[in-house]
Amino acid sequence: MFLSIRRIIRFGWTGFCRNSGLSIATIFILVLTISLATSLFLMQNISQHLIAELQEKVDISVYFNKECPEERVLKIKEQLETIPEVRRVEYISAEEALAAFVERHKDDLVLMESLQEVGVNPFFAALNIKAKEAAQYGTISSFLDTEQFQDVISDVDYYEKKAVIEKLFSFTNQINRIGLILSGILAVVAVSLVFNQVKLAINNKKEEIEVMKLVGSSNWFARGPFIVQGFIAGVISAVATCLLFLAITFFLSPKIEAFIPSFNIFQYFIAHILIIFLIQLAIGTGLGVISSVIAIRKYLKV
């Protein structure tokens, strides 16, 4: 058993080295395929980071009547925090709202003078609410529109922000849909490219396979060297692609940071290099081995 495995590995490695032209072509196709998959993986993470940033900037505010005691506001805050759709609730007192307004507009003398002439704090206590997803703000707004809160809530600005929230929801849906479509196309293209390349390599060896079968070699022994060749090509392709993307992400990082300052693609790649390489290795060896198994199948029927 172990002798047969050693022979298969040796024959596979010898065949891989002997047919260097076809081996290089197979590696090139695999590198291209793995690169497409890696690009899709990185683009998906960039888009998710961008979506998360946009969602972080979107919220709705609930403003309370002047007469509403702070204890009641905090009680409503606790109720909101129990809703599954709510990610975070921040309480802003009327004094904090005034202080933030003054700090933001301290250089506007006309506005500051107008505020002094009013003589009282014109701001209301408020709750800033962030949902887990853009589509959930409608549910939160409906909860706040119930009769139990009508006597204390002055305004909920959901309807003023509804158009922006709906656009964000539509954008996130489109990004996810495009990702799924690209994944499906990539899978079909990858299997077709690799299968045809491996089939070409095996077609050149069909006479050798037929002779092996005629002298009594088992299907497993005849198939083994080609599976080894597919595995070797997959490993080399994964290593090459990983090194290639180290260079690509290093040079692209400053350009992407110009658009998304909080996302460094090179640091992200380094931080996740193990899982990315394992994915690349799984794609490379998986396609190499599976394509070899499928492509050689018809030549085993002698």
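Just so it is clear, none of the values below were taken in a lab; they were calculated from the coordinates. Keep in mind it's a predicted model, so treat the numbers as computed, not measured. Cβ sites come from the backbone with ideal geometry, for glycine too, and all protein chains shown count toward neighbours.
Which of the residue pairs 66/162; 77/255; 75/132 have a Cα-Cα distance greater than 32 Å in the structure shown?
Working: 66/162 26 Å; 77/255 42 Å; 75/132 21 Å.
Check vs 32 Å cut-off fails for 77/255.
Counting only other residues whose beta carbon sits under 12 Å from that of residue 72, what net charge do I get with K and R as +1, D and E as -1?
Every neighbour counted, the sum reads -3.
I need the fraction of alpha carbon pairs in segment 59-160 separated by more than 20 Å, rounded to a whole percent.
Result: 43 percent of Cα pairs exceed 20 Å.
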